[in-house]
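Note sheet for the following structure.
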Amino acid sequence: MFSLLGGIYLGWSLGANNAANVFGSAVASRMVKFSTAAILASLFVLLGALLEGQAGIETLRGLTSLNPQTAVISSVAAACTVTIMTVFGLPISTSQAAVGAILGIGLLNNQLNLPGLGKVLACWLGTPVGGLIIGITIYKGLAAVYNVANIDLIKSDVLLRVSLIAAGSYGAYALGANNVANVAAVFVGAGLLTVFSATLIGGLSIGCGILTFSRPVMETVGKKLVRLDAFSALVVVLAVAFTAHIYAFVGVPVSTSQAVIGAVLGIGILRGVNTINRRTLMHILVGWFLTPIVACLLAMALNFAIHLRYVPSGSG
Amino acid sequence: MLRVFFKKEYQIQSLMQRYLDELKLTKEHFLQALNSYFDKGLCEEFDFLLNQTHKAESEADDVRYEIETLMYSKALIPESRGDILGLLEALDRIPGLFQLLLYMIQNQKLKIPDFLVQDIRELTTVTLACCDLLCKEVEALFKKTEDIKALVQSIDTNESRCDHIERQIISKIFDSDLDPFEKLQLKEVVIAMGDISDQADRVSRRIYIISIKRRV
């Protein structure tokens with residue numbers, strides 16, 4: 001159990017940070033109570049992890065061969081990276097931290113599955129682009145239906161709230177299916193856990209993060225989304241959910257925060273307005289490059305430190 | 001089904017209807033009070049109807065506060081809350097203007113010369129037609145009963161007609177041999193009457209913006 005602590009912490013911080021991407025707008029604008037959102041999100045995260053989390057686990061465990069010791073090192077390195085990035089206020093991608101740490105171990109062992117890594121990198125590039133394309137498609141489709149329906153103010157309001165709750169729940173499901181691998185894949189790779197127990201522990205730790213510490217992040221991230229209108233916020237949540245779900249099928253854990261950025265940019269393009277300023281974009285890009293590098297170096301350093309042996313000076 | 005989970009939202013819808021009923025009642029009492037004044041001058045009946053107008057206006061205020069309290073308890077999405085609060089604030093000036101006009105007549109012991117009665121009656125009719133159309137427009141926003149754009153155009157036409165009558169009356173006042181003080185007093189009343197249709201027009205445009213904001 002002690003060896004799983006790094007992974008559990010990673011899952012907890014993933015839940016605390018990423019639930020905002022699916023329920024933030026609804027909670028920050030008081031459309032949904034935090035308790036309702038947290039319960040729904042943690043339930044659906046667990047469901048997603050248990051029902052569709054296996055593909056991601058298979059991909060990450062296939063990146064390199066791990067033993068119990070290196071599994072613990074990579075999960076601790078990923079967890080420390082998330083903490084460091086949070087302390088410096090940079091955007092966090094738990095997926096990049098987890099893959100970066102596995103990459104560090106793989107480089108040291110000289111056992112790296114390059115085609116697998118290529119697939120992961122391609123998906124990382126594809127996440128904001130996917131969010132953008134899906135966001136634009138959903139916006140156009142939903143806008144056409146919404147305008148034809150021509151409903152009154154109260155019905156429109158109720159419909160948007162119900163849709164935000166449903167989309168948030170689906171987003172949480174996709175988050176669990178996509179991101180549980182970040183938490184648990186290394187332990188499956190090292191033979192410490194079965195796939196089912198890994199998805200269960202991963203799903204529970206993410207859910208725990210949502211229930212205990214997601215409120216402040218929901219309030220801050222959600223308010224940024226709410227500055228859009230309710231309809232656009234719904235489109236963003238749906239785009240994030242679809243993007244994460246597609247990559248869950250593909251079996252590559254991706255960052256929901258990056259999908260959010262893509263979707264928000266897409267809405268900006270459609271409306272001809274600047275939805276994200278250049279400074280925020282730079283911030284995200286720095287985080288995007290730094291996260292896997294820091295995790296990789298940290299995993300290598302931890303591995304090096306663990307293998308240091310004390311040799312008394314007079315022994316020879 | 002949705003009514004069970006979204007009680008506050010549907011409560012706002014029915015409270016808005018109640019507010020409109022009170023607004024219509026204020027308008028009815030206002031009209032009766034004016035008719036009584038034109039027929040009999042300042043009398044007990046006028047005082048009674050002014051009091052009824054005041055009561056209906058107070059009732060409308062109470063309903064408005066009830067809606068605002070519901071809004072502050074997080075009913076509706078934030079942008080709708082802002083829209084409805086703004087709409088109510090603008091709408092609520094109309095019953096206030098009805099009451100203000102009657103108090104002006106009562107407190108200033110106003111005497112409307114015979115040559116102006118017909119014009120002021122006409123101004124009242126067109127002004128109140130604006131208010132009726134405005135009530136329909138508010139209902140259309142909450143129940144999609146009628147085409148909002150068509151109602152905005154009708155209110156705009158009526159408001160222009162009111163402006164025209166208002167200018168005509170003011171010209172007649174200043175062309176007459178009335179005492180200068182009486183002229184200013186009558187002008188003030190006519191302008192107050194014109195304010196009602198101006199406000200109806202402003203609220204009507206606000207409703208139109210609220211409705212087009214909901215098209216994406």
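Restricted to segment A:160-274, the set of helices (runs of 4 or more DSSP H) holding at least 3 residues that are within 14 Å of chain B (Cβ to nearest Cβ) and at pLDDT 90 or above comprises A:230-250. Scanning segment B:1-34 for residues that are of a type in the set (Val, Ile, Thr) and at pLDDT below 90 yields one hit, B:Val4. If I filter segment A:277-311 down to residues being among the β-branched types (Val, Ile, Thr) and in a helix (DSSP H, G or I), which single residue comes out as surrounded by the fewest Cβ atoms within 10 Å (Cβ to Cβ)? Among those that are among the β-branched types (Val, Ile, Thr) and in a helix (DSSP H, G or I), it is A:Ile306. Taking B:Ile155 as meeting all but one of (1) modelled with pLDDT of 95 or more; (2) within 27 Å of A:Tyr146 (Cα to Cα), write down the number of the exception. That leaves (2) as the condition not met.
Scanning segment B:49-89 for residues that are part of a loop (DSSP other than H, G, I, E, B) and of a type outside the set (S, T, N, Q) returns B:Lys74, B:Ala75, B:Leu76, B:Ile77. Total residues in segment B:54-84 satisfying the condition of being within 14 Å of chain A (Cβ to nearest Cβ) and loosely packed, with under 15 Cβ neighbours inside 10 Å: the figure is 3.
The values are calculated or read from the model by the stated rules, or taken from the named source; none is laboratory data. Values in this document were obtained by computation on a predicted structure and should not be read as measured data. Here Cβ is always computed from backbone atoms with ideal geometry, including for glycine, and neighbour counts include all displayed protein chains.
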